[in-house]
Amino acid sequence: YLFFFFFSSRRRHTRCSGVSWARRCVQETAEYMGNNQMILGSKIFRVVLAISLLYLVQVEAVEVENETSINQNIQDAKLISDQEAQIFRIQWAHSNEVTFTTLTSDNKYMITAGKDRAIKIWDFASKHLLHDSKPLYHGIPNCVVLSHDNKYVISGSNNNSIVIWNIEKENLILFEDAHEDEVTHLAITQDNKFFVSASKDKSIKIWDFKTMDLFYTLENAHNDVINSLKLSDDGRFIISGSKDGTISVSYTHLR
């Protein structure tokens, strides 16, 4: 009867692990024996209890071994991943915190920006520095976007300026005082004809990429600092978000 009682408890605890099941069996068997003092000292009870304890020890040993094996495999995988994933590292690429990195779609150039007031263009294959903006202007770049044809880099800075670079020709166009406050976000249309800038002055501006003229200004787009900016793929809409918790959708007047 005790054997039946012990092993039938498995059906009542089918969702339990081996360890928890054995523990419950021991507990239930002990409780049953406690309520039936006349067979507490019987040989059958001692045999059942011994079997359950033996099973408990064996299951715990197997589960500990499995857990150790899994953890070791994870550590080995991380080690292999770290060793194989890293191609190269450029020490002291910037003299201060690096805030932005991107790669042209043809994997030819790497663009980085940092709080050292520099935007740098690197040759991805040779890892050589091709251009450094630091001597040209003194703003800290808040945002950087890359044109979809991989030819231009546009940056907005904390000194209210916007800078456009031609990567291949290495020439630079500086828009000083593009906004009345820091430029926080930039976006560019899929056809590379226009780009959009947002600022802490709460305005959004649309610029003609070819003539570099201001096309349209959306004054007071929000009541607080603009924290995010997104252009629709067709260039018809601007979606912006503000520090005040509002989201705004506006026409670009480009279509």
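What strands (runs of 3 or more DSSP E), lying completely within the range 143-189, carry at least 3 residues that are of a type outside the set (D, E, K, R) and over 20 Å from D116 (Cβ atoms)?
171-175, 183-188
Identify, please: which residue in the range 140-168 is free of Cβ contacts under 8 Å to residues at least 24 places away in the same chain and over 20 Å from D208 (Cα atoms) and is, among those, most open to solvent (accessible area, probe 1.4 Å)?
Residue satisfying both the conditions and the ranking: E168.
Do we find that L186 is on the phi < 0 side of the Ramachandran plot and either touching a helix residue (DSSP H, G or I) at 6+ places or on another chain (Cβ under 7 Å) or open to solvent by 30 Å² or more (accessible area, probe 1.4 Å) (or both) in this structure? Break it down into steps so the answer makes sense when it comes.
Values: on the phi < 0 side of the Ramachandran plot: yes; either touching a helix residue (DSSP H, G or I) at 6+ places or on another chain (Cβ under 7 Å) or open to solvent by 30 Å² or more (accessible area, probe 1.4 Å) (or both): no.
Against the criterion (on the phi < 0 side of the Ramachandran plot and either touching a helix residue (DSSP H, G or I) at 6+ places or on another chain (Cβ under 7 Å) or open to solvent by 30 Å² or more (accessible area, probe 1.4 Å) (or both)), L186 does not qualify.
Can you tell me which residue within the range 230-251, out of those that are open to solvent by 80 Å² or more (accessible area, probe 1.4 Å) and out of contact with any Lys or Arg (no Cβ under 6 Å at 6 or more places or on another chain), is nearest to E176 (Cα to Cα)?
In this case the residue turns out to be K230.
Does K210 qualify as being under 28 Å from the mean Cα position of the chain (by Cα) and either without any contact (Cβ under 8 Å) to a residue 60 or more places away in the chain or open to solvent by less than 20 Å² (accessible area, probe 1.4 Å) (or both)?
Judged against the criteria, K210 is not a match.
Among the residues of the range 216-229, are any over 23 Å from V98 (Cβ atoms), open to solvent by 40 Å² or more (accessible area, probe 1.4 Å), among the aromatic types (F, W, Y) and without any contact (Cβ under 8 Å) to a residue 24 or more places away in the chain?
For the range 216-229, residues over 23 Å from V98 (Cβ atoms), open to solvent by 40 Å² or more (accessible area, probe 1.4 Å), among the aromatic types (F, W, Y) and without any contact (Cβ under 8 Å) to a residue 24 or more places away in the chain: absent.
What tally of residues in the range 98-136 results from selecting those that are open to solvent by 10 Å² or more (accessible area, probe 1.4 Å), closer than 19 Å to N160 by Cβ and modelled with pLDDT under 85?
2
The values are calculated or read from the model by the stated rules, or taken from the named source; none is laboratory data. None of the values given here were measured: they were computed from a predicted structure. Quick reminder, even Gly has a Cβ in these numbers, built from the backbone with ideal geometry, and neighbours come from all protein chains shown. In case anyone asks, the SASA skips ligands and DNA or RNA and just uses the protein heavy atoms, side chains included. Shrake-Rupley method; radii C 1.70, N 1.55, O 1.52, S 1.80 Å.
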